[in-house]
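First comes the structure, then the notes that go with it.
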Amino acid sequence: MNALVALCHFCELHGPRTLFCTEALHPPSPSPPQPGSAIPGDRDREADREGEGLTMRANSSATQRADMCEGCRSLPASHPGFVSVDSETGIRYLSHQHPRQPQLFSVVRQACVRSLSCEVCPGREGPIFFGDEQHGFVFSHTFFIKDSLARGFQRWYSIVVVAMDRIYLINSWPFLLRHLRQTIQSLQDTALKVFDNEQCVCPQRAVRMNSAFSPAVFPHQRSGNAARSLTSLTQHPNLWASLHSSFSWLLKACGSRLTEKLLEGAPTEDTLVLIERQTEQEEEMSGWEGAEGGGSNPQPSQSESVHSKDFQFDDGRQEDLLGPKFKSLRHLRQVLGANDFRQLTWHVLMGNQVIWRGADPGLIQSAFNVLKALLPVGCVRAVSYSPHYEEAYRCNFLGLSPDVPIPAHVSSSEFSMLVDVHNVERGCVNPVSDDDILSLYHEFFLNVPFSWFVFLSGPTLLNKIEVALSNGNLSVEVVSLCLLCLKEEWMNKVKVLFKFSKVDGRGKEDTQKVLALLGATGPGEEDNVRLLKFWMTGLSKLYKSHLMTAVRGGERTLSQ
């Protein structure tokens, strides 16, 4: 990650100061040696000596060195600093009081001043974001450290993360907030123990109330300790080495957390929904940790934890499942039979609740994994295996243990489908493949209250899917790509219908004309419309907000 992390302090005598800074140095790209140039080994040794002999170049003037007190200083100018090398990438993480380059010193200095004087969040403690293209963008978290000798019995600090990439820094907000809070909480807890011990020995509040106050000599009324170092406040002998490790790990982890990928065209709706879900989960984790740090303990219940995990799109990899499993939609169709598979696929595409009940969680999980490929990511709400029934509004894929009863209103509803998986043994034949295992040791009973729809034409998408699966000349990989193209085609129809009916608010007659243009009328028209309306629920929030914003912007332009 092309960023640096710095610990800043507001000194009572000298104002905002940078205490400790960690930056990443990437290895130079290899280039052919030129005549008369140093050989690579010499260049590497020079770079190593330069890192080992790290000095405060940007702070080398005598005036700046004199304008520092104990509270403004972390490492002396003669200290070589701390160096960590990532063996995988060759990146070196260097830590000292100031950056090694004068340009970075100016950027960090401005970020330090703004984080401790200009940019203040409500309550003064907490995260804030600011910056510009010229001086970089800053994620800052301000906090207080207890000090029995300071005004107000506390000192003001901040940790800033400076980067030139605004989008990357904003996307890393939940990650940075979660881990910086852990570092800050550790510093505050350690300093609080020192503060309590000092107060027990000599309560400073009573001493100050009983002594004469003079602003001119206020800094000297505490035996010259107006500016105490962070090491003195925490009594941590290896404080700076510990911060170096923490900041170095933060830069490495944050850099490897988000990676750039080459996309051919605009991102799909599935990609947008997955990004939104990942962001929501990180924000929820950050919110729980923040609430715990504030004194409350809102631990989620066991059922909530299960749902938060199982509502993900890819909640289990096929290779991690033990025992017999379904490998593809074609495999599932071969095991269930064409007629039963058509009924099952119809319920999945329509958004009805599909319930699998059996004693093998791995088998049920594998069935859900292949059936999820029929739907957009935003339409998938799955509970892989539950000890009790879950309502349809919580999940459209539900796995149950064999002894779980199904409510009467569900078993008799046309908006649900139950698949009972029974384990049986038929003779002593040795199976040679997964197909044989499923056929020999499992029986599948489909409970469908209204099965007359099987003999109708069904939605157009279902018919195309069956044509692709029944074509033996197409491999499983080709069928998967074909299914992906079909989903994108129908998601584009969903977007048009959503814009036309929900955003523009057109009437039923105009909507019927649009459906005819989309090829959703004719045989199976009722199923096509129902499928399109269900798939509307899978549109990403970003796409919906974009349409709403564009419509409002157009209305303002017309009114002006």
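Listing for the model above:
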{"item": "Additional length obtainable on full extension of the chain from Q278 to E509, 0.36 nm per residue less Cα span", "result": "79.2 nm"}
{"item": "Lys/Arg +1, Asp/Glu -1 at C-beta; the stretch 476-554 dipole; positive extreme among T521, T549, T537", "result": "T549"}
{"item": "Share of pairwise Cα separations in the stretch 476-554, more than 21 Å, in percent", "result": "35"}
{"item": "Theoretical gain in end-to-end length, S229 to D86 [0.36 nm per residue, Cα-Cα removed]", "result": "48.4 nm"}
{"item": "Amide H contacts under 5 Å for L4, placed H, 5+ residues apart", "result": "V162"}
{"item": "Local net charge near N197, Cβ-Cβ under 13 Å (Lys/Arg +1, Asp/Glu -1)", "result": "-1"}
{"item": "Pair R530, L25: separation of 7 Å Cα→Cβ label points (nm)", "result": "6.8"}
{"item": "Ordering of 10-21, 513-524 by burial proxy (mean other Cβ atoms within 10 Å per residue, highest first)", "result": "10-21, 513-524"}
{"item": "For Y385, distant residues with modelled amide H under 5 Å away", "result": "G399"}
{"item": "Segments 461-471, 402-412 sorted - mean Cβ within 10 Å per residue, highest first", "result": "461-471, 402-412"}
{"item": "Of K325/K464; K487/K508; K372/K464, pairs whose Cα-Cα distance is over 21 Å", "result": "K325/K464; K487/K508"}
{"item": "K327 accessible area, 1.4 Å probe, all protein chains in place, Å² to nearest 10", "result": "120"}
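The values are calculated or read from the model by the stated rules, or taken from the named source; none is laboratory data. Remember, predicted model here, so these are calculated numbers, not experimental data. Glycine also receives a Cβ, built like all others from the backbone with ideal geometry; neighbour counts cover every protein chain displayed. Note: areas computed on protein heavy atoms with side chains; ligands, DNA, RNA excluded. Shrake-Rupley method; radii C 1.70, N 1.55, O 1.52, S 1.80 Å.
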